[in-house]
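The block underneath contains the structure these notes are about, expressed in structure tokens.
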Amino acid sequence: MAIFNFTHVSMPKKFVYRPVFYDERKERMQKMMEEAEKEASGPLRHESENHLERGFLRAKMYKSRHKKELHGSTMKMFLSIVLLLILFYLLLFWI
């Protein structure tokens, strides 16, 4: 006679199906991409890389400037809240 274990619930087995097929269109696209990369490895590629680097640097400078502005406004708000709390304390307990 078998002892049943009701606390252990077995998980159902997953069905794993990975179809394998030849995609001619995908092969052609990959070949075209490789050829285009070979052609683009000339002097135009360096110009476009420089253009991208300048764009990244510009975005980085904007982000850092925006961060400084945000930090400044946060400090102003914090100081104004502290000042209001001090004034509230003085008005409430001094009078």
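What follows is calculated from the coordinates using simple rules that are stated; it is not laboratory data. Note that the structure is predicted; figures quoted are calculated from it, not measured. Cβ placement follows ideal geometry from the backbone for every residue including glycine, while neighbour counts extend to all protein chains displayed.
Of note:
- Eligible lysines near LYS60 by straight Cα distance, threshold 22 Å, same-chain separation 8 or greater: LYS68
- Label-point gap, in nm, between TRP94 and PHE78 - each point 7 angstrom along Cα→Cβ: 2.5 nm
- Among PHE88, PHE21, the ranking by other beta carbons within 10 Å of each residue's beta carbon, starting with the fewest, stands as PHE21, PHE88.
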